[in-house]
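Q: Once you've had a glance at the structure underneath, I'll fire off some questions.
The numbers here are math on the coordinates, done by the rules we state, and not lab data. Since the structure is predicted, the reported quantities are computational estimates derived from the model, not experimental observations. With ideal geometry, Cβ positions are generated from the backbone for all residues, glycine too; neighbour counts draw on all protein chains shown.
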Amino acid sequence: MSCTDTLIGPGGPSIERAVPALAGTMILASLAAGSVHNRRWHALTAFVGGNLLLYSAVGWCPSSLAMRRLGMRQSTVTPAR
């Protein structure tokens with residue numbers, strides 16, 4: 001198993017891995033833009049953080065719905081109880 005298979009998975013990235021990766025990227029980018037350009041970019045940070053909380057609470061957010069419509073696969077592994 002290669003490092004790429006561990007991070008992305010054999011069938012491409014799953015929604016469960018892509019949502020936090022996208023959220024982290026957007027948060028860091030908006031913090032940088034808010035520091036360099038205008039403090040209003042920090043509103044994007046709050047919006048993305050809220051969507052990440054929504055995703056952790058109910059299992060979906062606007063970006064996960066968009067990824068599902070674009071055909072991105074969901075993880076086949078179910079969490080152990």
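Q: May I ask you to list the residues in segment 21-46 that are within 21 Å of residue 66 (Cα to Cα) and surrounded by 14 or more Cβ atoms within 10 Å (Cβ to Cβ)?
A: Matches in segment 21-46: 22, 23, 26, 27, 29, 30, 44, 45.
Q: Related question: Mind checking which residues of segment 27-71 are free of Cβ contacts under 8 Å to residues at least 40 places away in the same chain and in contact with a Phe, Trp or Tyr (Cβ under 9 Å, 6 or more places away or on another chain)?
A: 29, 30, 31, 32, 33, 34, 35, 54 - these are the residues of segment 27-71 that are free of Cβ contacts under 8 Å to residues at least 40 places away in the same chain and in contact with a Phe, Trp or Tyr (Cβ under 9 Å, 6 or more places away or on another chain).
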